[in-house]
1. If the Cβ limit is 7 Å and pairs must be 6+ apart or interchain, which residue in the range 133-146 that is assigned to a loop (DSSP other than H, G, I, E, B) pairs with which residue that is polar (S, T, N, Q) and open to solvent by less than 80 Å² (accessible area, probe 1.4 Å)?
2. Does Val215 satisfy being within 9 Å of the chain's Cα centre (by Cα), under 21 Å from Gly240 (Cβ atoms) and at pLDDT 95 or above?
3. Pick from the range 55-90 the residues that are under 19 Å from Asn239 (Cα atoms) and acidic (Asp, Glu): which of them is surrounded by the fewest Cβ atoms within 10 Å (Cβ to Cβ)?
4. Can you spot a residue in the range 27-43 that is touching a residue at least 24 places away in the same chain (Cβ under 8 Å), open to solvent by 70 Å² or more (accessible area, probe 1.4 Å) and under 30 Å from Thr168 (Cα atoms)?
5. Among the residues of the range 1-50, write down those that are out of contact with any strand residue (DSSP E or B) (no Cβ under 8 Å at 6 or more places or on another chain) and among the basic types (Lys, Arg).
6. Going residue by residue through the range 104-115, is there one that turns out to be closer than 23 Å to Ile221 by Cα and exposed (fewer than 14 other Cβ atoms within 10 Å of the Cβ)?
7. For the range 38-47, does any single residue satisfy the condition of being among the acidic types (Asp, Glu) and touching a Cys at 6+ places or on another chain (Cβ under 8 Å)?
Amino acid sequence: MQLSVDEVNELLSFAESLAEAAADAIRPHFRTQMSIEDKGKAQFDPVTVADKAAERAMRNLIVDRYPEHGILGEEEGNVEGSSPLTWVLDPIDGTRAFITGLPLWGTLIGLNDGDRPILGVMNQPFTGERFIGTPQGAWGNRIPLSTRQCGELAHAIVMCTTPQMFSTDAQREAFGQVASNAKLLRYGGDCYAYCMLASGYVDAIVEADLKPYDVQALIPIIEGAGGVITTWDGLSAQNGGTVVACGDPVLHRQLVEILKSGA
């Protein structure tokens with residue numbers, strides 16, 4: 001679906017209002033003793049009242065303003081729309097960080113035009129940071145973002161939220177090849193790490209077991225800053241799964257060669 005610059009800007013303005021609504025729902029709960037539910041998957045998968053309240057606030061605004069749009073969210077599932085446009089929501093990406101009081105989490109708001117994500121917002125209300133990506137570029141608090149050049153893994157800072165996300169021997173072996181040859185490997189970060197890549201502080205992120213709502217908002221931010229984000233075998237990352245993001249396309253090609261054996 002082709003949208004004009006003016007249409008994208010109007011939708012971006014609305015996305016920022018979604019970010020504000022989510023922030024208002026989340027702020028009262030951060031660094032408080034709240035109840036935590038476990039979704040009951042193989043690993044501890046927490047959800048809090050803040051996650052649920054933030055997604056509900058965003059969904060209500062979308063239904064009021066754009067009832068024809070679809071909605072895909074982490075906590076309440078998928079609602080098909082009559083329009084090709086679908087909002088992809090993760091109210092708190094990094095709930096594990098959230099419940100431990102760490103500020104490495106954010107609200108992810110993506111808009112997919114039926115073919116690909118065309119705009120993305122990562123909002124961190126505690127630190128006061130907002131990262132935005134559109135076909136026109138990427139910005140952090142209105143300042144243009146740019147990834148940095150790093151064409152060699154031996155010089156690269158690599159991040160991954162947790163090695164527990166690699167569920168097969170092939171994935172663990174492929175990630176191990178990257179990790180053992182990188183200049184520096186850091187764990188943690190969730191969506192915040194991707195925004196640091198777009199800001200030029202991280203060179204690569206290698207992850208697995210991602211869902212569409214974990215990544216769609218981040219794709220326009222990384223690509224708008226000049227980076228590349230795909231699956232481990234070089235295909236579109238919008239459906240999640242195994243994901244590799246790099247600030248430098250040269251490094252990305254190197255990592256895909258290593259990682260495709262584990263895809």
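The values are calculated or read from the model by the stated rules, or taken from the named source; none is laboratory data. No experiment lies behind these values; they were computed from the predicted model shown. Reconstructed Cβ throughout: ideal geometry from the backbone, glycine too, with neighbour counts over all protein chains shown. Ligands, DNA and RNA are stripped out before the accessible areas are found, and what is left, the full protein with its side chains, is counted by its heavy atoms. Shrake-Rupley method; radii C 1.70, N 1.55, O 1.52, S 1.80 Å.
1. If the second residue must be polar (S, T, N, Q) and open to solvent by less than 80 Å² (accessible area, probe 1.4 Å), the pairs left are Leu145/Ser199.
2. Yes.
3. Of everything passing the filter in the range 55-90, Glu80 is surrounded by the fewest Cβ atoms within 10 Å (Cβ to Cβ).
4. Yes, there is a match, as at least one residue in the range 27-43 is touching a residue at least 24 places away in the same chain (Cβ under 8 Å), open to solvent by 70 Å² or more (accessible area, probe 1.4 Å) and under 30 Å from Thr168 (Cα atoms).
5. Passing the criteria: Arg27, Arg31, Lys41.
6. Yes, the range 104-115 contains a residue that is closer than 23 Å to Ile221 by Cα and exposed (fewer than 14 other Cβ atoms within 10 Å of the Cβ).
7. no
Residue-by-condition table, conditions (1) touching a residue at least 60 places away in the same chain (Cβ under 8 Å); (2) touching a Phe, Trp or Tyr at 6+ places or on another chain (Cβ under 9 Å):
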{"site": "Ser4", "(1), (2)": "no, no"}
{"site": "Val47", "(1), (2)": "no, no"}
{"site": "Ala57", "(1), (2)": "no, no"}
{"site": "Pro67", "(1), (2)": "no, no"}
{"site": "Gly81", "(1), (2)": "no, yes"}
{"site": "Leu89", "(1), (2)": "yes, yes"}
